[in-house]
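Student: Here you go, one structure.
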Amino acid sequence: MKKYLVACSAAALMMTTVSAHAIGVNAQVGQHYTSLGFGLGNTTPGLALTGDWTHSDRDGDVTGLGLGYNIGLGPVMATVGAKALYTSPKDGSDGYAVPIGGGLQLPLGHYLSLYGNAYYAPDSLSSGINNYKEATGGIRFSPISLVSIDVGYRYQALNGKDGHRDNVIADGAYLGGAVNF
């Protein structure tokens, strides 16, 4: 009986932790790029873990993991953090980047919110590229808490190094969606 009680208590504690740090998966589709990602704790104050993969039809891939800290400022959620990225440009050598940045989420009523983020890695925090830049902004419609639809603009670029050209992974409008568990 004691083992059963301990097992049930541990399961309840784990479920509480999971509900406080919801897991979400998302996708964005632009004219010449696709982005897939996941997040853990993105909608609550505290630590957040993200992962994403962006593929450009013309300029290569970027894959990474991010760690951030969400700060609730009244209705606004601010995030500061860093990412560890693997870069694979079409023109240039594979490498890495460790961009630093953050973002904001501002609710506009019950179903809509504005969001944006930006990250940057100079030459000293990257290899194989001169620098890395990323910015995203848009509006999110969440008809229910489990599903959201995004419309926005994404810019993601790898500046070339050692005579290699710049690779723009994403530059344009996108339609996206997310499912949160």
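The values are calculated or read from the model by the stated rules, or taken from the named source; none is laboratory data. Since this is a predicted model, take the numbers as computed values, not measurements. So basically every Cβ, Gly included, is an ideal-geometry build from the backbone, and we count neighbours across all protein chains shown. The protein model used for the area step is the full one, side chains on, heavy atoms only, and it has no ligands, DNA or RNA in it. Shrake-Rupley method; radii C 1.70, N 1.55, O 1.52, S 1.80 Å.
Student: With the cut-off at 13 Å, report for region 124-169 the share of all Cα pairs above it, as a whole percent.
Tutor: Above the 13 Å cut-off, region 124-169 has 65 percent of its Cα pairs.
Student: Would you kindly calculate the translational diffusion coefficient of the chain, applying Stokes-Einstein with the Kirkwood radius from alpha carbon pairs, for 20 °C and a viscosity of 1.002 mPa s, and quote it in µm² s⁻¹ without decimals?
Tutor: Answer from the Stokes-Einstein relation: 123 µm²/s.
Student: As a test question: what accessible area, to the nearest 10 Å², does THR63 have when a 1.4 Å probe is rolled over all protein chains in place?
Tutor: The value for THR63 is about 60 Å².
Student: What are the ³J(HN,Hα) values, in whole Hz, obtained from phi via the Karplus relation 6.51 cos²θ - 1.76 cosθ + 1.60 with θ = phi - 60°, for each residue of region 82-88 in sequence order, with x given for Gly and Pro?
Tutor: 9, 10, 10, 10, 9, 10, 9
Student: Considering only protein heavy atoms, what is the solvent-accessible area of ARG58 at a probe of 1.4 Å, reported in Å² to the nearest 10?
Tutor: The value for ARG58 is about 140 Å².
Student: Which value, in Å² and to the nearest 10, is the accessible area of LEU106 when all protein chains are kept and the probe is 1.4 Å?
Tutor: Roughly 70 Å² of LEU106 is accessible to a 1.4 Å probe.
Student: Here is a follow-up. Roughly how many debye, to the nearest 20, is the charge dipole of the chain about its Cα centre, given +1 on each Lys and Arg Cβ, -1 on each Asp and Glu Cβ, and no other charges?
Tutor: Details: 10 positive and 12 negative charges, 141 e Å.
Here the chain has a charge dipole of around 680 debye.
Student: A further question follows. Would region 80-181 count as rounded, prolate or oblate if I go by the C-alpha gyration tensor, calling it rounded below 1.5 in a/c and otherwise prolate when a/b exceeds b/c, oblate otherwise?
Tutor: prolate
Student: To continue, here is another question. May I ask which residue of LEU85, ALA170, GLY74 lies farthest towards the positive end of the charge dipole of the chain, with charges of +1 (Lys, Arg) and -1 (Asp, Glu) on Cβ and the Cα centre as origin?
Tutor: With unit charges placed on the Cβ atoms, the residue in question is GLY74.
Student: Hey, another quick one. Do you know the relative contact order of the chain, to the nearest whole percent, from alpha carbon pairs under 8 angstrom that are 6+ apart? Before the final figure, lay out each step's value.
Tutor: On the way: 481 pairs, mean separation 32.0, N = 181.
Taking the mean separation of contacting Cα pairs over the length of the chain, I get 18 percent.
Student: Moving on to the next point. What is the Cα centroid distance between region 50-103 and region 105-181, reported in whole angstrom?
Tutor: 8 Å
Student: In addition: Rank ILE169, ILE149 by accessible area, highest first, at a 1.4 Å probe radius?
Tutor: The ranking, largest first, comes out as ILE149, ILE169.
Student: Something else: How far apart, in nanometres, would the label points at LEU146 and VAL179 be if each is projected 7 angstrom from Cα along the Cα-to-Cβ direction?
Tutor: With each label placed 7 Å out from Cα toward Cβ, I get 0.9 nm.
Student: Turning to a different aspect of this structure: Could you check the simple spin-label distance between ARG58 and SER127, using points 7 Å along Cα→Cβ, in nm with one decimal?
Tutor: Reported label-point gap for ARG58 and SER127 is 3.0 nm.
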